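Asks: Input: one structure, supplied below.
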Amino acid sequence: MMPLFVLMGAVLLVMWFFSSRSRKRQEAEHKNKIKQLEKGTRVMLSSGLIARVDKVDPEADEVRVVIDEDKKVYSTYATAAIAKIFDEKRSSVKDDDSAPAKAEVKESSKEATKETAKK
């Protein structure tokens, strides 16, 4: 009975050790990414809001983000609120390359509808 408890304790200790190592590694990677933030970087906040970084204040651990570029809506968040950092830099919804693809899909669906109607 006693060796069973020792074995279970050893297994739990090993699992705890490996999980804490991976958590510490992920935290270190996230801190490095936060340190490299610069104006124009797209981020996703812990609330799910996707915005673009406008200004980083490392002393206060705050980031000012642009929520709506046309209306110039800004908001300030703690750097801890940043959940994900996107790799791309400057892209705008207006410059979306998928717009022509959507138009092509609409055209092809219209053609398919016409062909179906002819049959």
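Asks: Give the residues of region 1-40 that are among the aliphatic types (A, V, I, L, M) and farther than 22 Å from E88 by Cα, sorted by residue number.
Replies: Those that are among the aliphatic types (A, V, I, L, M) and farther than 22 Å from E88 by Cα: M1, M2, L4, V6, L7, M8, A10, V11, L12, L13, V14, M15.
Asks: Could you list, in sequence order, the residues of region 29-48 that are of a type in the set (G, A, S) and surrounded by 10 or more Cβ atoms within 10 Å (Cβ to Cβ)? Step through it out loud before you land on a result.
Replies: Step one: filter region 29-48 for residues of a type in the set (G, A, S), giving 40, 46-48.
Correct list: G40, S46.
Asks: All but one of (1) surrounded by fewer than 11 Cβ atoms within 10 Å (Cβ to Cβ); (2) more than 20 Å from the chain's Cα centre (by Cα) hold for P58; state the number of the condition that does not hold.
Replies: If we test P58 against (1) surrounded by fewer than 11 Cβ atoms within 10 Å (Cβ to Cβ); (2) more than 20 Å from the chain's Cα centre (by Cα), just (1) comes out false.
Asks: Quick one: K71 ticks every box in (1) surrounded by 10 or more Cβ atoms within 10 Å (Cβ to Cβ); (2) at pLDDT 90 or above except a single one, so which number is it?
Replies: Answer for K71: the failing condition is (1).
Asks: Specify the residue that is nearest to I85 (Cα to Cα); the eligible residues are those in region 45-73 that are in a loop (DSSP other than H, G, I, E, B) and touching a helix residue (DSSP H, G or I) at 6+ places or on another chain (Cβ under 8 Å).
Replies: Looking only at region 45-73, we keep the residues that are in a loop (DSSP other than H, G, I, E, B), and these are 46-49, 58-61, 69-72.
Of the ones still in play, those that are also touching a helix residue (DSSP H, G or I) at 6+ places or on another chain (Cβ under 8 Å) are 46-47, 58, 61.
Numbers: S46: 11, S47: 14, P58: 17, D61: 16 Å.
This residue is S46.
Asks: Need the failing condition index for K94 against (1) surrounded by 10 or more Cβ atoms within 10 Å (Cβ to Cβ); (2) at pLDDT below 90, just the number.
Replies: Result: K94 fails condition (1) only.
Asks: Also, quick follow-up: Looking only at region 77-87, count how many residues are of a type in the set (V, I, T) and either at pLDDT 95 or above or not in a strand (DSSP E or B) (or both). Working first, answer last.
Replies: Applying the first criterion (of a type in the set (V, I, T)) to region 77-87 yields 79, 82, 85.
Still in the list and also either at pLDDT 95 or above or not in a strand (DSSP E or B) (or both): 79.
Total meeting the criteria: 1.
Asks: Also, I was wondering about something else. Would you check which residues across region 1-44 are outside any helix (DSSP H, G or I) and touching a residue at least 12 places away in the same chain (Cβ under 8 Å) and list them? Steps first, please.
Replies: Here is the first cut: in region 1-44, the residues outside any helix (DSSP H, G or I) are 1, 36-44.
Within region 1-44, L37, E38, K39, G40, T41, R42, V43, M44 meet the criteria.
The values are calculated or read from the model by the stated rules, or taken from the named source; none is laboratory data. Predicted model only: the values in this text are computed from it and were never measured. Neighbour counts are summed over all protein chains in view; Cβ atoms, including those assigned to glycine, are modelled from backbone coordinates with ideal geometry.
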